[in-house]
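What follows is a single structure, written as structure tokens, with notes after it.
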């Protein structure tokens, strides 16, 4: 059994947020929902400031606090290390969200169908329609509804039903086909690497072998499957300096 | 029922049933209508929430959405479960330690336990977008490893069920007495009495049953309130929540709010049913001493907690304690501390002078409940908005009218349940000599 992991090279990341865009397109996430999120942060005082970037997918912990607290087993961890949500079992108590120290969970506060149109874009505009082929809103990746893995369970990959929790799935529908997660394939500077960490020849193992690395909030004992290379973990002086629209409109 | 029989029947009811049971006074009708109206507003707000999703509330996601994903509903769920502490504690004091002075308020306490547990269950259901799915999936897929599991099994199922049984067993004698007289509710009393005739041998059996039941419910009480504390205290990823003091703190604050509520309710019942001779100042003094003991324990816990967090001063913990002590939440925190300390001063003053006044004890009961609600809110919310471990900016949360309407609707529903009970059954146990 493979054991999936992601390596994030902070020395390479340029904060372009292409991964966030790729994730939104692949998983059709609603407005203000960022399964992959890139912090653009700053430390120090002007003029001696330093800017840095920190991509934050779900950490797919090997000791996941969200799985522990779920009262109905909707949040589950597969044997290959991918942590997923069964949207038909989730009761929407949001305990996983408060238990997660990384803030990766997104609850569907509203009916997401309406949220797709909330980008202030006029889809009937001929120029827009020429690109979308009249499909949006809302295109839905058909793979997202498939049952995945040995468990044959739903994964909340773009289920987007109101009142349930969702988060990054490591693009399980792509991984099960032998592909990389969308964010990994899209990264223009190869900052993201994905693969089977138990296979010494996989891209992620090779990458990690050569470099020193750290895991986010490792002291909490969550044992993430996302491993950061280069750079430094965010400290108390790290502040976010710019952010996308993260407000859900009612 | 013939028209001639009516006046005579009314007459016998007046004579037969104590404590104004079955008589609808104008005051009670006004109370009922007001509470029903508030409940209706709460139901309307809940209807809006069910049809539109939780987007209509003030809650939003943690992290990038800069909100609090648990808000007023969870704070009041914790508060309502806490209030349920009252009934069984009083029952245990009576049955196990034989403090007979408290007997007249026993049923008020037991009723308060049952009602507040129901309200707690409804508050947590109001927090869920899909309550029907929650019920089905919890039965089908419930996981004991989740601290929430305790809420649904230990608290709502076990504790509520045990309390209902206790309330029933201790009420059977009164039902048997009332069933002997003709009245509007005679059939109901006969069904409730279920063959109980208040013979000496039955009394002994009853006393033994309630003794063991009280003894069995006490560990259940500690476990149930602890599981609510574990919902927060086991979460290492949320500074301000993680800690071994969380569970015992929850048990003690539950006691403070529960006994405080019982004092207020007993004073209101005493006034409404005109039972001044039955519920004596002595009973209130007992409750006040109990409240004082719990309150001082809780204040001690609070000092220990604040000292631990500010002294060790991890970065995030410092952000959080700054928000609590001097920042956004300072007015709530110091408001809670001032109300709890003034309640303690009121009670200590009365204990020292040995002059107990129901008015002052009532005031202390009200003050501790203000403090308890504020503390529950402070446990739930600030750790979400001000304790992010990754560089998310500080969040904010303000409950909106939908959430307040639902919560006030729950309070009104509870008042309705107690009000209706008072018109059907004696809320103060009947005297032995009747």
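The values are calculated or read from the model by the stated rules, or taken from the named source; none is laboratory data. All figures in this text were calculated on a predicted structure; none of them were measured in a lab. Positions of Cβ are generated from backbone atoms using ideal geometry, with glycine treated the same way; all protein chains shown enter the neighbour counts.
Just checking, which of B:78, B:74, B:105 is in contact with a helix residue (DSSP H, G or I) (Cβ under 8 Å, 6 or more places away or on another chain), in a helix (DSSP H, G or I), within 11 Å of another protein chain (Cβ to nearest Cβ) and crowded, with 24+ Cβ neighbours inside 10 Å?
The match here is B:74.
Considering region A:5-24 alone, what residues qualify as being touching a helix residue (DSSP H, G or I) at 6+ places or on another chain (Cβ under 7 Å) and more than 27 Å from residue A:63 (Cα to Cα)?
Once the filter is applied, which keeps residues that are touching a helix residue (DSSP H, G or I) at 6+ places or on another chain (Cβ under 7 Å) and more than 27 Å from residue A:63 (Cα to Cα), region A:5-24 yields A:18, A:22.
What number of residues in region A:236-250 are under 21 Å from residue B:318 (Cβ atoms) and out of contact with any helix residue (DSSP H, G or I) (no Cβ under 8 Å at 6 or more places or on another chain)?
Total meeting the criteria: 4.
Exactly one condition in (1) away from chain A (no Cβ under 14 Å); (2) without any contact (Cβ under 8 Å) to a residue 60 or more places away in the chain is false for residue B:178; which is it?
The one condition residue B:178 does not meet is (2).
Report yes if some residue within region B:42-55 is crowded, with 24+ Cβ neighbours inside 10 Å, modelled with pLDDT of 90 or more, out of contact with any strand residue (DSSP E or B) (no Cβ under 7 Å at 6 or more places or on another chain) and within 14 Å of chain A (Cβ to nearest Cβ); otherwise report no.
Yes, region B:42-55 contains at least one residue that is crowded, with 24+ Cβ neighbours inside 10 Å, modelled with pLDDT of 90 or more, out of contact with any strand residue (DSSP E or B) (no Cβ under 7 Å at 6 or more places or on another chain) and within 14 Å of chain A (Cβ to nearest Cβ).
Looking at residue B:423 and the list (1) in a helix (DSSP H, G or I); (2) in contact with a strand residue (DSSP E or B) (Cβ under 6 Å, 6 or more places away or on another chain), which single condition is not satisfied?
So the condition that residue B:423 fails would be (2).
Looking at region B:409-434, which of its residues are out of contact with any helix residue (DSSP H, G or I) (no Cβ under 6 Å at 6 or more places or on another chain) and more than 25 Å from residue B:180 (Cα to Cα)?
B:411
Can you tell me which residue within region A:219-238, out of those that are outside any loop (DSSP other than H, G, I, E, B) and surrounded by 13 or more Cβ atoms within 10 Å (Cβ to Cβ), is nearest to the other protein chains (Cβ to nearest Cβ)?
Top of the filtered list is A:220.
Can you say whether residue B:230 is under 16 Å from the mean Cα position of the chain (by Cα), in a helix (DSSP H, G or I) and closer than 23 Å to residue B:156 by Cβ, as far as the supplied structure shows?
When the stated conditions are applied, residue B:230 does not pass them.
Can you pull out every residue in region A:164-188 that is out of contact with any strand residue (DSSP E or B) (no Cβ under 8 Å at 6 or more places or on another chain) and assigned to a loop (DSSP other than H, G, I, E, B)?
If the condition is that a residue be out of contact with any strand residue (DSSP E or B) (no Cβ under 8 Å at 6 or more places or on another chain) and assigned to a loop (DSSP other than H, G, I, E, B), then A:168, A:171, A:177, A:178, A:179, A:187, A:188 are the ones that fit.
Test of understanding: among B:66, B:112, B:122, which residue is in contact with a helix residue (DSSP H, G or I) (Cβ under 8 Å, 6 or more places away or on another chain), modelled with pLDDT of 90 or more, away from chain A (no Cβ under 14 Å) and surrounded by fewer than 24 Cβ atoms within 10 Å (Cβ to Cβ)?
Step by step, each of B:66, B:112, B:122 is checked, and only B:122 is in contact with a helix residue (DSSP H, G or I) (Cβ under 8 Å, 6 or more places away or on another chain), modelled with pLDDT of 90 or more, away from chain A (no Cβ under 14 Å) and surrounded by fewer than 24 Cβ atoms within 10 Å (Cβ to Cβ).
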